[in-house]
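The values are calculated or read from the model by the stated rules, or taken from the named source; none is laboratory data. Small disclaimer: the values here were computed from a predicted structure and weren't measured. Neighbour counts run over all protein chains shown; Cβ positions are idealised from the backbone, glycine included. Just so you know, the surface numbers come from the protein's heavy atoms only, side chains and all, with ligands and any DNA or RNA stripped out. Shrake-Rupley method; radii C 1.70, N 1.55, O 1.52, S 1.80 Å.
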Amino acid sequence: MAVSAQEKTTHPYGNTSVMGDPSESGRFGEFGGMFVPETLVPACQELDRAFRSAWADPVFRDELYLLFRDYAGRPSPITICENLSAELGCRILLKREDLNHTGSHKINSVLGQALLAKRMGKTRLVAETGAGQHGVATATAAALFDMECIVYMGEVDIRRQELNVFRMKLLGSEVRAAQSGSQTLKDAVNEAMRHWVGAVESTHYCLGSVMGPHPYPWMVREFHRVIGVEASQQCASLLGGAPDVVVACVGGGSNAAGIFSGFVDTEAALVGVEPAGGAALGRAVPGVVHGSHSYLMQDEWGQVLEAHSISAGLDYPGVGPEHAHLAATKRARYEPISDAQVVEAFQLLARTEGIIPALEPAHALGWIMQAKDELAGQTVLLNLSGRGDKDVAQMMEHLA
Amino acid sequence: MTGVLEAALRARLDRGGKCLVPYLTGGLGNDWLETVQAAAIAGADAVEIGIPFSDPVMDGPTIQLANDRALAAGVTPQQVFDRLHRADIGVPTVVMTYGNIAYRMGYQRFAASLARSTVAGAILPDIPLEELGPWATAADAEAIETVLLGAPTASDERLARIAQRSRGFVYAVGLLGITGVREQLAASAKVIAKRLKAVTDLPVLVGVGVGTPRQAVEVCEEADGVVVGSAMVQRMLDGAGPDGVAELVAEFRQALDESTNHC
Ligand SMILES: Cc1ncc(COP(=O)(O)O)c(C=O)c1O
C-alpha cells in the first residue's frame, strides 16, 4: 500500500507532553507497571519491544493509516448539535466514533493490535469483551487478517448482548463464556489472561482498553490517539481552537484516553464520566490487579468488588493507570452518573439529534445534562464512542 | 542466612529424598487447619497455604472454586493468620496469594502478620521480578522467604536472575498454563527443572500440572521436589477431610521415597 506525499504531511499522529511515553517501568506517575504471572512477563516485554519498533516505523504507520481510512472509515466527523445545544444551553459537538466500521472507537486499537500481532508472527487473537463491541471489533480484525480468534465474555453479558454474540460467531470467532465470579467483564479479563498464559507463544492478547500490564495502557492509548489528533484539527477549523470542555465516558478508559490526548496540552477541561456503580476513580482506592497498579473497587481486604451499571461496557471495577495519574495530578476530573440519568440522555440524543448513542457515551451526555448550569455558554466536545444498535433491545425492555 | 523453609527442604534432600509441598486452600471448610496438620504428619516437608482471592489469574477451575467457596463463607486473610498463629503444624508453612491482598493490607503489615503467625514464606505470583522491590524489602525485614516462580517462557539469563532473588526454593512452573491436574506430565516440566538446576543451588520444586504420584516421581528425575495443588484441593472440595487429604499426601510421599530408594 502506498501513501501519497500529501497524505503524509497530514499524517494523523503527533506527540504531546502530558500524555507522552510512560517511564521505563511502564508507569504514569506512580501508576501502571507489569503485575502479571511470570509466564507472561517475557511476552509483555516482547510486545513492548515490538510496539516500540513498529510505532517508530513509517511503513507500519502508513499501513495502519490506510486501514483507518479505507477500512474503518476515518476520519470520523464532528457534528455540531444545534437542537441539543439549544435545549441544554451550551454548545455541544460530537466526535462521531459511532460512525466507524463496527460502530465504536474500539476498531482503532484492534486494527493496530492485529497489525502488530501479524508483524510479530502471531496466528491467534484472544480478547475479553463486556458489551461485545471490543469482541466484535477483534473478531472483525481476525477475519480481515485471517487469524484464529477466541473471545471471552461473561455469562451475564452473553445474555445482555446476544446480538453481538451472534455477530462475533458470524465473523468466524469462537465466543466462550466466563462463568466464574460476577460473570461480567472482569471475569472475562481473568479468563482471557488464563488463556494467554497457556497459549502465549502463538497468541496475542488483544486487550480492549487502556488497562492491563505495560505496554498495553500506553499502546492502546497510542492507537486511539487518532481520535484526539483528528478532533483537535477539526476543532481548530470549526472553533479556531480547543473547546472549553472535553468529555468522555470511562470504563477502562480507552475512548477517553484517545480524545484527551488531543487536548491535554491545551486549556480545555477534561472530564471522564464513570457509572456511579463502577466509579473506580471516584473512590480513588489504589490496588494491583489485571496487570497494573491503579485505582480499583475493592473491599477492605483487597477482594475486587463487582461493578454495577446499566451498560455492560462500563461494568469494570478498575480503570487504566494513566487515568489514575491524570486524576491524581488533577489534570482531569472524573464524575459519576446514575443509570437513570443515562437512560434520559440516551433518549434525549435520539429525540433531539436523530442519533441513538450507545449506553456508554450516554453517560457522558448524562453528565452534561447534570452540569448544564456550570456549562452555560461553554463549548463542550463529547466523544460519542459508539452507536446504540446493540442497546436498543435492552432499552426497549427497560422503557416498556 | 538460611531460612526455615529452605532448611526444611534441604534436610529432606540431604537425606537423599525428594521434597513434597502440598497446596491447601486456607479457610476452605472448618477443618482446613486440621487438614494442614494432617498433611504435615503424612509426610509433607512444608505446606503451601492459599489465601483466597477474588481474581486468581494463575489458577484453574479447581482452585478458583475453592477460592469462591471460601470467600462466600466470609473468610478473610486475617482469619487465616489468626488460626495459623495458634497452630502447631510441625513443618514450615508458606502462603500463596495474589499481590493485591498484600498490597491492600500494606506490604509491611502483611509481612509482619506472616511473621507473627510463624509463616516462613510467601508466594505472590503476580508480583514478578520487575515489581518485586517494595515487597522484597518488607519481606526481608521480617525474614519472610519470598519464593519466586521460573517459567518455561523465560530465557536462561532471566531464570538465573529469578533464582538469585528467590528464597526458600525456586518454584518451577511445569507447563505453559494455569494450575490444574493434567492427564500427563508436560514435557516442559522436566526441562524447566533442569534449566533451573543449572543456574541455582536452591531446591527446585516443580508445580502446576503435577497431579499424581507417578507424575511427581517422573518430574523428580530432574527436580528436587514437587508442589501439588489442584489434586489436594479437589479432595478438600470433595469433603474428604483431613484424613482424605493426608491419605493422598501419604501416597505421594511413598511414591517419592520408593523412587529414591531404588536408585
Ligand atoms: C461504545 C463504547 N464506549 C465505551 C466503552 C468503554 O471502554 P473505554 O472506557 O475503554 O472506552 C465501551 C466498551 O465496551 C463501548 O462499547
Exercise for the section: Examine the stretch A:250-258 for a residue that is free of Cβ contacts under 8 Å to residues at least 40 places away in the same chain and either out of contact with any Leu (no Cβ under 8 Å at 6 or more places or on another chain) or among the aliphatic types (A, V, I, L, M) (or both), and state whether such a residue exists. Expected result: no
If you go through A:Ile80, A:Ile92, the only one that is touching a Cys at 6+ places or on another chain (Cβ under 9 Å) and not assigned by TED's automatic domain parsing to the domain that holds A:Leu171 is A:Ile92
Subset of the stretch A:207-252, residues assigned to a helix (DSSP H, G or I) and among the aliphatic types (A, V, I, L, M), comes to A:Met219, A:Val220, A:Val226, A:Ile227, A:Val229, A:Ala231, A:Ala236, A:Leu238, A:Leu239
Self-check item: Filter pass, A:Gly287 being within 12 Å of the ligand (Cβ to nearest atom), within 14 Å of another protein chain (Cβ to nearest Cβ) and in contact with a helix residue (DSSP H, G or I) (Cβ under 6 Å, 6 or more places away or on another chain)
Solution: no
Checking B:Asp59, B:Asp45 in turn, the sole residue that is part of a loop (DSSP other than H, G, I, E, B), within 17 Å of the chain's Cα centre (by Cα), at pLDDT 95 or above and within 11 Å of another protein chain (Cβ to nearest Cβ) turns out to be B:Asp59
query = In this structure, does B:Gly209 turn out to be within 14 Å of chain A (Cβ to nearest Cβ), within 21 Å of B:Ala255 (Cα to Cα) and assigned to a loop (DSSP other than H, G, I, E, B)?
reply = yes
Across the stretch A:255-272, the tally of residues that are over 16 Å from A:Thr329 (Cα atoms) and within 14 Å of the ligand (Cβ to nearest atom) stands at 4
Okay, helices (runs of 4 or more DSSP H) sitting entirely in the stretch A:32-123 with 3 or more residues that are within 16 Å of the ligand (Cβ to nearest atom) and crowded, with 18+ Cβ neighbours inside 10 Å, I get A:106-119
Being among the hydrophobic types (A, V, I, L, M, F, W, C), out of contact with any helix residue (DSSP H, G or I) (no Cβ under 8 Å at 6 or more places or on another chain), surrounded by fewer than 20 Cβ atoms within 10 Å (Cβ to Cβ) and not in a loop (DSSP other than H, G, I, E, B) narrows B:Ala7, B:Ala70, B:Ala40 down to just B:Ala7
Looking across the stretch B:73-101 at residues that are within 11 Å of chain A (Cβ to nearest Cβ) and not in a loop (DSSP other than H, G, I, E, B), the single one that is surrounded by the most Cβ atoms within 10 Å (Cβ to Cβ) is B:Asn100
The number of residues in the stretch B:102-125 that are within 11 Å of chain A (Cβ to nearest Cβ), of a type in the set (Gly, Ala, Ser) and open to solvent by 10 Å² or more (accessible area, probe 1.4 Å) is 1
Residue hits (the stretch A:167-186; buried (at least 16 other Cβ atoms within 10 Å of the Cβ) and either at positive phi or of a type in the set (A, V, I, L, M) (or both)) are A:Met168, A:Leu171, A:Val175, A:Ala177, A:Ala178, A:Gly181, A:Gln183, A:Leu185
Going through the stretch A:214-250 in order, the residues found to be within 12 Å of the ligand (Cβ to nearest atom) and either of a type in the set (Phe, Trp, Tyr) or open to solvent by 10 Å² or more (accessible area, probe 1.4 Å) (or both) are A:Tyr216, A:Phe223
Given the conditions (1) open to solvent by 40 Å² or more (accessible area, probe 1.4 Å); (2) over 27 Å from A:Gly287 (Cβ atoms), every one holds for B:Glu142 apart from (2)
Selection from the stretch A:266-288 of residues of a type in the set (D, E, K, R) and surrounded by fewer than 23 Cβ atoms within 10 Å (Cβ to Cβ) yields A:Glu267, A:Arg283
Residue hits (the stretch A:124-146; in a loop (DSSP other than H, G, I, E, B) and away from the ligand (no atom under 16 Å from the Cβ)) are A:Phe145, A:Asp146
Condition set small (Gly, Ala, Ser) and open to solvent by less than 40 Å² (accessible area, probe 1.4 Å), scope the stretch A:317-349, selection nearest to the ligand (Cβ to nearest atom): answer is A:Gly320
When (1) within 13 Å of the ligand (Cβ to nearest atom); (2) more than 30 Å from A:Ala86 (Cα to Cα); (3) open to solvent by 10 Å² or more (accessible area, probe 1.4 Å) are applied to A:Gln303, the one that fails is (1)
Sole miss for A:Asp157 among (1) in contact with a Ser or Thr (Cβ under 7 Å, 6 or more places away or on another chain); (2) modelled with pLDDT of 95 or more; (3) acidic (Asp, Glu) is condition (2)
